[in-house]
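Since the structure comes first, as structure tokens, the remarks are kept for the end.
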Amino acid sequence: AQSVAQPEDQVNVAEGNPLTVKCTYSVSGNPYLFWYVQYPNRGLQFLLKYITGDNLVKGSYGFEAEFNKSQTSFHLKKPSALVSDSALYFCAVRDDQTGANNLFFGTGTRLTVIP
Amino acid sequence: ETGVTQTPRHLVMGMTNKKSLKCEQHLGHNAMYWYKQSAKKPLELMFVYSLEERVENNSVPSRFSPECPNSSHLFLHLHTLQPEDSALYLCASSQVQGYEQYFGPGTRLTVT
């Protein structure tokens, strides 16, 4: 079975500080991992993905994520947070053994960047 | 904009009404999806169409009926809904052999 856990419902960080949004996953085969962001009254916007290769993945708006196979984690990071980064963040996973392109999403983490 | 549009953006309907949600993608993708987003819950995958064939129906009640007339358009027909069906309904598209999905802005549905 495939699943994603985002252990924090809410993350608060001061503007200019580094931010981390946590994600752990469970899959049968090798994972394909994704981060999405959702701003108010908008759909989900793709940020970055890990398929294979370098464990550190860089994405849009200065975000990056590190794939850690031993810890089954894929935490989202940014060196310096902006107020405009305040949004709802979703981690998603699928494995490489299913033929379908179905993604399994976490419950989301609300990030608030405090000016 | 992601290249996926949804109409209407907001919909209020009574339990006896019939309405339809529309999704259109301009990305040349060949797979389309309907998701339900409720507060504090993971996104629920409802339906998947791949090359215009329905390939997934995740135990969705029959009061939700999808239609995919071509690879660019996806509909969700609604009838005799319940108040617990109130949610944000998201459409997404991707390449069948691709990885990430691209989402529309959603339709906020309220069932009274």
(message) About the Cα centre, and with charges only on the beta carbon of Lys, Arg (+1) and Asp, Glu (-1), how big is the dipole of the range B:1-95? Nearest 20 debye, please.
(response) 340
(message) Can you return the lysines within cross-link range of A:LYS69? Criterion is Cα-Cα under 23 Å, with same-chain partners fewer than 8 residues away left out.
(response) A:LYS22, A:LYS49, A:LYS58, A:LYS77, A:LYS78
(request) Round to a whole angstrom and tell me the spacing of the C-alpha centers of the range B:4-70 and the range A:73-115. (result) 22
(message) Ignoring solvent entirely, what values of log10 I(q)/I(0) come out of the Debye formula for the range A:2-115 at 0.14, 0.16 Å⁻¹ when each Cα is a single scatterer?
(response) -0.52, -0.68
(message) I want to check the label-to-label distance for B:GLU52 and B:LYS22. Put each point 7 Å from Cα in the C-beta direction and report it in nm to one decimal.
(response) 1.9
(request) Return A:PHE105, A:PHE34 ranked ascending by Cβ neighbour count within 10 Å, so the fewest neighbours appear first. (result) A:PHE105, A:PHE34
(message) I'd like the isolated cysteines in chain B, meaning no second cysteine's beta-carbon lies under 4.7 angstrom from theirs.
(response) B:CYS68
(message) How would B:MET46, B:MET13 line up from fewest to most surrounding beta-carbon atoms within 10 angstrom?
(response) B:MET13, B:MET46
(message) Can you divide the C-alpha Rg of the range B:1-81 by 2.2 N^0.38 Å and report the result to two decimal places?
(response) 1.10
(request) Obtain the nm distance between the two label points defined at B:MET15 and A:TYR61 by a simple spin-label model: each point lies 7 Å from its Cα along the Cα-to-C-beta direction. (result) 4.0
(message) How big is the protein assembly as shown along each principal axis, measuring the range of its Cα positions in Å and listing the largest first?
(response) 50, 40, 30
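Coordinate-derived values only; no laboratory data. Nothing here was measured: the structure is a model prediction, and the numbers come from that model. We place every Cβ from the backbone using ideal geometry, glycine too, and count neighbours over all the protein chains shown.
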